[in-house]
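Below you'll find the structure, written out as structure tokens, and then a few comments.
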Amino acid sequence: MTATALTRGTPGAPLPKLTPARVARSEWIKLRSVRSTVWALAASAVVIAGTGLLLTTLTRGHLAASGHQQSHVDAVRISLFGMYLAQLTVGVLGVLLATGEYATGMIRATLAAMPRRTTVLAAKAAVVTAVTLAAGTVAVFGSVLAGRLILPGHGYTPANGYPVLSLANGTVLRAAAGTVLYLALIALLSLGVATAVRDAAVAIGLVLGLLYLFPILTQVAGSPGVARHLQQIGPMTAGLEIQASTGLRSLPIGPWAGLGVLAAWAAAALLAGGLLLRRRDA
């Protein structure tokens, strides 16, 4: 990607000034022109909606009808279950956006055209956030709609103690909107990690490790207090509490506080990636 490719101008005329908006536009062009990133984004939306639809269809009413179990069943989480898989494809999207240019060597041309490297990283972050929010919004709210239509037929009704899944319900809206934000933060976390390590395979491995290490440690922790603390600091375990609609007082961390933990992880990854991007050769 050269300066000419980043901007439009008449042959022989001075190139327009490279503003952050133009850099972001160039990142958007690169994102949509790479087939693998487009597929990753499409897969995220399909997985969220498809898995949520499948799980709500397979869910049976005996869970809802059982009085001693119903407090442990979260109908909102059931509808949004596809996010557990979609976060993997969103993570891959963030990684590819950062490492794709290193694999092809195009990063040298990009940084030659825009020497302010933090501006390049900020543009990538803005683009991956925008596309993830757009795709996530469609898929997540589609999953909520599927849950609203299907779960009542399986016993998840107000008569059995379950609210109707409606975005007019503040708890449901918080869980749905928070899930969209969760996916965007996972993409930013992946972008930061990939910018720091510059290798797609290593970056994907590190992101998966960050997401799944804490749940594993929670299961093998000998002390309930230690397990609870691990849930509070893990990016996935804390962040996913944004989906909770029942038993809020028993959560290891509050929904918005948990999402804040994930945001801190994403910010730390972007900061590390930005510092290394500035100091290292392309």
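Taking the Cα centre of the range 103-207 as the origin, how large is its charge dipole in debye, to the nearest 20, when only Lys and Arg (+1) and Asp and Glu (-1) carry charge on their Cβ atoms?
Taking the Cα centre of the range 103-207 as origin, the dipole is about 320 debye.
For the range 100-161, which whole percent of the accessible surface, found with a 1.4 angstrom probe, sits on carbon and sulfur atoms?
Ligands and nucleic acids excluded, carbon and sulfur give 67 percent.
Less than 15 Å Cβ to Cβ from LEU277, Lys/Arg counted +1 and Asp/Glu -1: what total charge do the surrounding residues give?
+4
For the range 147-196, compute Rh as the Kirkwood radius over C-alpha pairs and then the Stokes-Einstein diffusion coefficient at 25 °C and 0.890 mPa s; write the answer in µm²/s, rounded to an integer.
Working: Rh = 13.0 Å.
It comes out at roughly 189 µm²/s.
State, to one decimal in nm, how far the label point of LEU248 lies from the label point of ASN160, with both points 7 Å from Cα in the Cβ direction.
Each label point is offset 7 Å from its Cα along the Cβ direction, giving 2.4 nm.
What nm distance separates the two modelled labels at ALA112 and LEU149, each placed 7 Å from Cα along Cα→Cβ?
5.3 nm
Starting at the first residue of the range 132-148, write each ³J(HN,Hα) from the Karplus equation 6.51 cos²θ - 1.76 cosθ + 1.60 with θ = phi - 60°, in whole Hz, x for Gly and Pro.
Once θ is set to phi - 60°, the couplings for the range 132-148 become 5, 4, 5, 5, x, 4, 4, 5, 5, 6, x, 5, 5, 4, 4, x, 5 Hz.
Mind running the shape call on the range 75-189? Use the C-alpha gyration tensor, a ≥ b ≥ c as the square roots of the eigenvalues: rounded below 1.5 for a/c, prolate if a/b tops b/c, oblate otherwise.
Prolate shape, in that a/c is at least 1.5 and a/b is the bigger ratio.
Based on alpha-carbon positions alone, could you give the equivalent ellipsoid semi-axes of the range 201-282 from the gyration tensor, as √(5λ), descending, whole Å? Walk me through the numbers before you get to the answer.
Details: eigenvalues 159, 47, 19 Å².
Over the Cα atoms of the range 201-282, the ellipsoid semi-axes are 28, 15, 10 Å.
Under a point spin-label approximation (7 Å from Cα along Cα-to-Cβ), what is the LEU173-LEU85 distance to one decimal in nm?
Between LEU173 and LEU85, the label points sit 3.1 nm apart.
Can you tally the net charge around THR179? Count Lys and Arg as +1, Asp and Glu as -1, for every other residue whose Cβ sits under 12 Å from the Cβ of THR179.
It works out to a net charge of +1.
Under the rule a/c < 1.5 gives rounded, and otherwise a/b versus b/c splits prolate from oblate, where does the range 123-236 land using the Cα gyration tensor?
Taking the square roots of the gyration eigenvalues as a ≥ b ≥ c, the range 123-236 is oblate.
Give the separation of the Cα centroids, the range 145-160 to the range 226-269, in Å.
Their Cα centres are 27 Å away from one another.
Show me 73-80, 257-264 ranked by packing, highest mean number of other Cβ atoms within 10 Å first.
My ranking of the peptides, most packed first, is 73-80, 257-264.
The values are calculated or read from the model by the stated rules, or taken from the named source; none is laboratory data. Quantities reported herein were computed from a predicted structural model and do not represent experimental measurements. As a convention, Cβ positions derive from the backbone with ideal geometry for all residues, glycine included, and neighbour counts pool all protein chains shown. The protein model used for the area step is the full one, side chains on, heavy atoms only, and it has no ligands, DNA or RNA in it. Shrake-Rupley method; radii C 1.70, N 1.55, O 1.52, S 1.80 Å.
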